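Visitor: I have a structure I would like to understand better, so I am pasting it below and will then ask my questions one at a time.
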Amino acid sequence: MIRKTVLALLLAATGVSAHAALNAGEIAFTSFNADEDGWSMVALATISANSTIYFSDNEWSGSSFNSGEGFMTWSTGTSAISGGTVVRFSMTDQATRSVTVGNLTGAGDNGISASSETIYAYLGTNSNTPTTFLAGLSSEGTTNLTPAGLISGSTAIVVTNSTDYAVYSGPRSGQSSFSGYASQVNNAANWTISV
């Protein structure tokens, strides 16, 4: 107990913050655009400064990713991202890919398809080794979400196959905390979907 208190005081005195990693459902996808190859997500909890979140549209088998698609690394930047902040990722298949907060790099084919697509957001030791799946978006149903431990309506959104564009259009008020929106944002009935 004394060691933990001393460590916390030392970290505070040096300006280093100790923080907990994100958990499943603490971010959520809020849009998908297969034509532009992009998406957006919302922080449902604070994302600590200098965090790294990975994205992939390779399918997860439960023990490894398949190959043929891509991996992206999002470095969130030097400031914490507050709950309720929406972050937009665009042109992920281009060398000029962009993100509204932080920096986005990628490897492989990062084009987003309208049909039979699943995108995962996760923490990991590197892009190919996930430790915690945070959120998912799929036009393939739950087939590829289940092995990652993601649940439609809770930590993942399932949109119609052949979706070109989809966006969350549900409630934006009425919850006592941002985490209260997870079930609403991950409910396809609260999305406008164009096929």
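Visitor: I'm trying to understand the selection: among the residues of the range 20-67, which are open to solvent by 30 Å² or more (accessible area, probe 1.4 Å), hydroxyl-bearing (Ser, Thr, Tyr) and more than 18 Å from Phe133 (Cβ to Cβ)?
Guide: Selection gives Thr46, Ser67.
Visitor: Filter the range 68-97 for residues that are open to solvent by less than 30 Å² (accessible area, probe 1.4 Å) and either in a strand (DSSP E or B) or at pLDDT below 95 (or both) and give the result. Can you show your working first?
Guide: Within the range 68-97, the subset open to solvent by less than 30 Å² (accessible area, probe 1.4 Å) is 70, 72, 74, 76-77, 81, 83, 87, 89-90, 92.
Those that are open to solvent by less than 30 Å² (accessible area, probe 1.4 Å) and either in a strand (DSSP E or B) or at pLDDT below 95 (or both): Gly70, Met72, Trp74, Ile81, Val87, Phe89, Ser90, Thr92.
Visitor: State the number of residues belonging to the range 98-131 that are hydrophobic (A, V, I, L, M, F, W, C), assigned to a strand (DSSP E or B) and open to solvent by less than 40 Å² (accessible area, probe 1.4 Å). Outline the logic, then answer.
Guide: Applying the first criterion (hydrophobic (A, V, I, L, M, F, W, C)) to the range 98-131 yields 99, 101, 104, 107, 112, 114, 119, 121, 123.
Subset that is assigned to a strand (DSSP E or B): 99, 104, 107, 119, 121, 123.
Okay, now just the ones that are also open to solvent by less than 40 Å² (accessible area, probe 1.4 Å), so 99, 104, 119, 121, 123.
Residues that pass the stated criteria total 5.
Visitor: Could you tell me which residue of the range 132-155 is most open to solvent (accessible area, probe 1.4 Å), considering only residues that are of a type in the set (A, V, I, L, M) and free of Cβ contacts under 8 Å to residues at least 40 places away in the same chain?
Guide: First, pick out the residues of the range 132-155 that are of a type in the set (A, V, I, L, M): 134-135, 137, 145, 148, 150-151.
Those left that are additionally free of Cβ contacts under 8 Å to residues at least 40 places away in the same chain: 145, 151.
On the way: Leu145: 0, Ile151: 99 Å².
My answer is Ile151.
Visitor: From the list Ser179, Ser154, Ser183, Ser162, which residue is of a type in the set (Gly, Ala, Ser), in a loop (DSSP other than H, G, I, E, B) and under 16 Å from the mean Cα position of the chain (by Cα)? So that I can check it myself, show each step before the final result.
Guide: Working: Ser179 fails: in a loop (DSSP other than H, G, I, E, B); Ser183 fails: in a loop (DSSP other than H, G, I, E, B); Ser162 fails: under 16 Å from the mean Cα position of the chain (by Cα).
Criteria check complete, one pass: Ser154.
Visitor: Could you check the range 27-46 and list, in sequence order, the residues that are out of contact with any Lys or Arg (no Cβ under 9 Å at 6 or more places or on another chain) and modelled with pLDDT under 95?
Guide: The answer is Phe32, Asn33, Ala34, Asp35, Glu36.
Visitor: While we're here: Sort through Ala49, Ala24 and tell me the only one that's at pLDDT 95 or above and under 24 Å from Thr163 (Cβ atoms). Working first, answer last.
Guide: Details: Ala49 fails: under 24 Å from Thr163 (Cβ atoms).
Selected residue: Ala24, the only one of Ala49, Ala24 that is at pLDDT 95 or above and under 24 Å from Thr163 (Cβ atoms).
Visitor: Kindly indicate whether Trp39 is free of Cβ contacts under 8 Å to residues at least 40 places away in the same chain and outside any loop (DSSP other than H, G, I, E, B).
Guide: no
The values are calculated or read from the model by the stated rules, or taken from the named source; none is laboratory data. Given the structure is predicted, the values throughout are model-derived calculations rather than measurements. Here Cβ is always computed from backbone atoms with ideal geometry, including for glycine, and neighbour counts include all displayed protein chains. Keep in mind that these areas ignore ligands, DNA and RNA; they rest on the heavy atoms of the full protein, side chains included. Shrake-Rupley method; radii C 1.70, N 1.55, O 1.52, S 1.80 Å.
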